[in-house]
Structure formats: structure tokens, C-alpha cells
Amino acid sequence: MDKKLRAKVLSASLIGSSIEWFDFFLYAAVASIIFNTQFFVTDDQFLSTILAYFGLALSFFIRPLGGVIFAHIGDRVGRKKTLIITLSMMGLATAGIGLLPTYASIGVAVPLLLLLFRLIQGLGIGGEWGGALLLATEYAPKKQRGLFGSFPQMGIPIGLVLAYGFFFLLTWAMPEETFLAWGWRIPFIFSLLLVVIGLLIRKGLDETPAFQEMQREAAKKNEVRQLPIVEIFKKHPKEVLITSGAKFVETGPFYIFTTFIVGYGVATLDVSFEFMMLSIMAVSVGTTIMIPIMGSLSDKIGRRKMFLVGAVAMLIYGFPYFYIVNTHEPALVILATFLGLVVIWPPITAILGTMFSESFSKEVRYTGVTLGYQIGAAVAGGSAPLIAEFLMNQFNGSSIPVSLYIIMTAIVSIVAVMAIRGENAQDREDRLKNIEA
């Protein structure tokens, strides 16, 4: 692959993914300070916060459906066309949230409209991730799949930095009353500009080599393929279960470290919203740097081994994380976040996508990786802040149940990945190509 094409592929997968996650994290950033007071208005503050977190979780619950719909399009029509649709959906829904009136203006219609936009976001990002991943891995040289596959994963912390950084600058630049009244809307509306940039970048890229090869093979055989979702459950049910389980430790703890901790820090640790934004943003810069390093390292030592090291480390960290955070010392709060997001999480997330893509044959790869990823995200991701908030309330503010939740996600993922045995689908395709050559 020449350097120009390499740069175009990696930038297209990274920028699109970053914009999608920027849109997604905007809601997460202010769920516990804006949406619980202006949109989900009740007489019970705890219930309002739970409803706001439900709005976060809802988009995760719908992601598998979005994954199935757009993965079908991606496996039948093409990766590129699908990514253009999903990116447009995310941008329009995000801007729509920024333009919504408050509960005080039109009442119960507002939370319902907000949930509708969150559903659209969930559908969009459900199809986006798999496309961005395959855009990278299906162009990647064999010995650099781990590195290429890590680039869409970098979009997660980059999107978080952009979203939290935007809000931090706004809270610094304007009075609190102004920010709460209308300032928070600016990043949501600004998303439209980022979407236009992302579409222009992706427009100039061809379909992936694997998809073009698949089209040529289908044309030669003159075959009519089944629905990819049907083929997945006929030929790859074990891989769907494994990838869904592997996702638990990557997604559950992440939303504890980045979303739940914001509200917890302000309400319980006596630190400011601005401090939490700045600390998570600063740490996420380190996360972004570590992800491609871990991805490249996985090309040398193996995906499975690296994932298990990270998952075991997360299991061990479940109790120390809250022990450090509950000191109420701002510097130690940053340290706890740093250890979680820069030291432990990158070896897990960097190779997750590549490991998933190598598990499925190219004919159903978009559907397979998307279904496994989004089912795991729906069960353990978006619900994590909601579960953590509920557990804290039920156990009188004790963090022990939340630590056990982190440990549980790690155990599920360790068991899932330990079940991976033998030659994966990608290795089998490579071997057959070598025989034919």
C-alpha cells in the first residue's frame, strides 16, 4: 500500500469515528447536570438522574438493531455507502438535540423527542463502528492489521476529548447561568460542520479490497446470497457469543471511568464539573496515544494474549479504583482515571476490533463484528452509569457493588476470549489465498 492511500484510509476511518463519538459523548457529558434538570423533570432528583442515564442507555439498546440494518447494507451494497448514511444520521440527530426546547416550554413532549433523537443516534452509531473498522482492517497489510484496526478505536477517546473539551471551554468562557440556559447547546449544533468535513473525506475513498473481491466472486458464481444475519447465526453463532462477551470489559468500565464518575465526582467527591471535564479530557489524550502503540504491539505478540492481560488487570483494578477515588483528593482522582484509561484500557480496546474482524468471513464480516460489538455494548455499556447510580443509591452510597460490577465485566470477557481456539476466519482466508497463488 502506498503512503498516500494509507493516509487516506486511516484518516477516513479515524475522523469519521471521532465525529460519531463526539456526537455520542455530548449527551454523556451533561446527562447528569442538564438533561436531568431541563428535560427529565420530576419531583425526585434521583429519578430525574436515572431517567437522564436511561436516555444514554437507550441509544445502546437500539445499537444492535442499527448494526443489523446497516451491516446488511454494508455487506450487500458496500462499506463506503453505509458510512455516509450513518454519519449523516448522527449529525442531524445531534443537532436536533441542541435545538430542542426545554420541559418548561412544552412539557412531556420534550423528553419524548430527546429519546427519539437518541434512538436515531443509536441506530447510526450501531452501523458506523463496524464500517469504520472494516474500512481500516480490509485495507491493512497482513502484518499490520492490529495497528490499522486500532485507528477507529482511537475515535472513542478523541471524540470524548472533543466533547468534554468543548464543554470545558464553554463553562470557562461564560457564566454558569448562561451555560445552563443555552450555552450547552452550541456543541450539539456545531456537530453539523464536523459531519460535512467527515463526509468530504470519506467521499474520495473507494470500496475496500475485500468487498470488491467479494463482489467479483459473487459475479463469477452468479450466486444469490442469503441475508448476512441468517448466515451469521447459521455459520458463526459461537463467534457472536464470544465477541459479545469480549466487549463487556471494554465498555462497562469505560463508562464508569468517563460518565458515571462525572456526576459522582460533583455530588460525592466535592470536585467541580469543570475539574472532572478537564481531568478526563487530559487523561484521554494519553489514551489516544497508547491505543495505536498497543495495536501495533498486538501484531507482534498476538491479539488474544494482549486482550487477556488487559482484562485481568481490569479485574484486579475494580476495588483499587474506588479506593483511590474515595480519598476525595483531586490529584488522586486524576491518578485513578489515568490508571484505568491509559494503563489498563488501551490493551483491551486497541485490539478488540481487529480480533472481531478476524473472527468472521468477509461475506458476513460487517454483520458479524457489528452484531457482537453492539450486543455487548447494549448489555454492559450504556447501562453501566445507570446500574452504578442505582447500586450506589440502593447500598447507601457504597462503591463496593460498583467495583463488583467492574470485576463481573472482566470475568465475562476473560471466559469469552479463553473460548477462542484454533484458526480464525481471516487466517483461513489468508491460507487459502496462498494455496491458490
- [ ] At 1.4 Å probe size, with every protein chain present, just tell me what the per residue accessible area of segment 264-337 comes to in Å².
- [x] 43 Å²
Task: Unit charges on C-beta of K, R, D, E only; dipole of segment 68-222, Debye - done: 640 debye
Task: Which listed pairs, of Lys142/Lys234; Lys142/Lys203; Lys143/Lys305; Lys4/Lys142; Lys8/Lys81; Lys8/Lys238, have C-alpha distances above 23 Å, in listed order - done: Lys142/Lys234; Lys142/Lys203; Lys8/Lys238
Open item on the list: For Cα pairs less than 8 Å apart in space and 6+ apart in sequence, what is the mean separation divided by the residue count of the chain, i.e. the relative contact order in percent?
Closed with: 26 percent
TODO: Estimate the FRET efficiency between Glu177 and Ser105 by the formula 1/(1 + (r/R0)^6), using the beta-carbon distance for r and 22 Å for R0, to the nearest 0.05.
DONE: 0.80
Task: Solvent accessible area, Å² - Lys142, 1.4 Å probe, full protein context - done: 120 Å²
Open item on the list: Of the listed values (i) 0.99; (ii) 0.97; (iii) 1.02, identify the label whose number matches Rg/Rh (Cα atoms, Kirkwood Rh) calculated from this model.
Closed with: (ii)
Open item on the list: If you average the alpha carbon positions of segment 134-205 and of segment 70-86, how far apart do those two centres end up, in angstrom?
Closed with: 20 Å
Task: Carbon + sulfur, % of accessible area of the chain - ligands and nucleic acids excluded, 1.4 Å - done: 69 percent
- [ ] Can you pull the one-decimal nm distance between simple spin-label points at Leu193 and Lys235, each 7 Å off the Cα toward Cβ?
- [x] 4.6 nm
Open item on the list: Under 10 Å, Cα contacts only: if you run a Gaussian network model on the chain, which one of Ser361, Ser105, Ser88 comes out with the highest mean-square fluctuation?
Closed with: Ser105
- [ ] Specify the angular offset, from 0 to 90 degrees and rounded to the nearest 10, of the alpha carbon long axis of helix 273-301 from the longest principal axis of the alpha carbons in the chain.
- [x] 20 degrees
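Top to bottom by accessible area (1.4 Å), largest first, where do Trp184, Trp172 land?
Trp172, Trp184
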Task: Spacing of the two label points (7 Å from each Cα toward its C-beta) at Leu332 and Gln45, in nm - done: 2.5 nm
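The values are calculated or read from the model by the stated rules, or taken from the named source; none is laboratory data. Bear in mind that the values here come from a model prediction, so they are computed numbers and not experimental data. Neighbour counts are summed over all protein chains in view; Cβ atoms, including those assigned to glycine, are modelled from backbone coordinates with ideal geometry. Please note that ligands, DNA and RNA were not included when accessible areas were found on the heavy atoms of the full protein model with its side chains. Shrake-Rupley method; radii C 1.70, N 1.55, O 1.52, S 1.80 Å.
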